[in-house]
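Only the coordinates and a few stated rules stand behind these numbers; no lab work does. Note that the structure is predicted; figures quoted are calculated from it, not measured. Cβ atoms come from the backbone with ideal geometry, glycine included; neighbour counts cover every protein chain shown.
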Amino acid sequence: MIDTATPTITLEHEGAKGRYVAVVSGIADPAELTFSVVNENLIIADHTGVPDAMRGMGIGKALVERLVADAREKKIKIVPLCPYVNAQRQKHPEWADVFQG
């Protein structure tokens, strides 16, 4: 996979729901990784969506990397319900400290 763009990733969080939003200059639709908050120590990553215009740019992986970095910083665990997040978890054993299940 070739990274051809650097996304700007922001976190939107309200109540028990949140999402990371990735925007790439020149592409109208953003990519997103959504999650649900179980409690102060646990979140469920439930969906990753990348528009066709961003496919092959590493945007989905960048979203998961940001999720992992934030989980480490906040000392929380992630349940990888989203198939993409779970696949990335399996490819990156160095992330095992932030995943549950």
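Brief remarks on what is shown
- The length gained by stretching the chain between Leu81 and Glu94 to full extension, at 0.36 nm per residue less their Cα-Cα distance, is 2.8 nm.
- Simple spin-label estimate for Val21 and Ala69 gives 1.9 nm between the two label positions (7 Å along the Cα-to-Cβ direction from each Cα).
- Within the range 8-98, percent of DSSP bridges classed antiparallel, to nearest 5: 85 percent
- Value of D in µm² per second that Stokes-Einstein yields for the range 1-96, Kirkwood Rh from Cα pairs, at 37 °C (0.692 mPa s): 243 µm²/s
- The long axis of helix 59-74 is offset from the longest Cα principal axis of the chain by roughly 30 degrees.
- Point-charge dipole on Cβ atoms (K/R +1, D/E -1) for the range 8-98, about Cα centre, debye to 20: 240 debye
- Cβ-defined net charge surrounding Leu11, 10 Å radius [Lys, Arg +1; Asp, Glu -1]: 0
- Per-residue extension of 0.36 nm, minus the Cα-Cα distance of His13 and Asp52, leaves a gain of 11.5 nm for this segment.
- Summary of packing: across the peptides 87-96, 35-44, the per-residue average of other C-beta atoms within 10 Å ranks them, highest first, as 35-44, 87-96.
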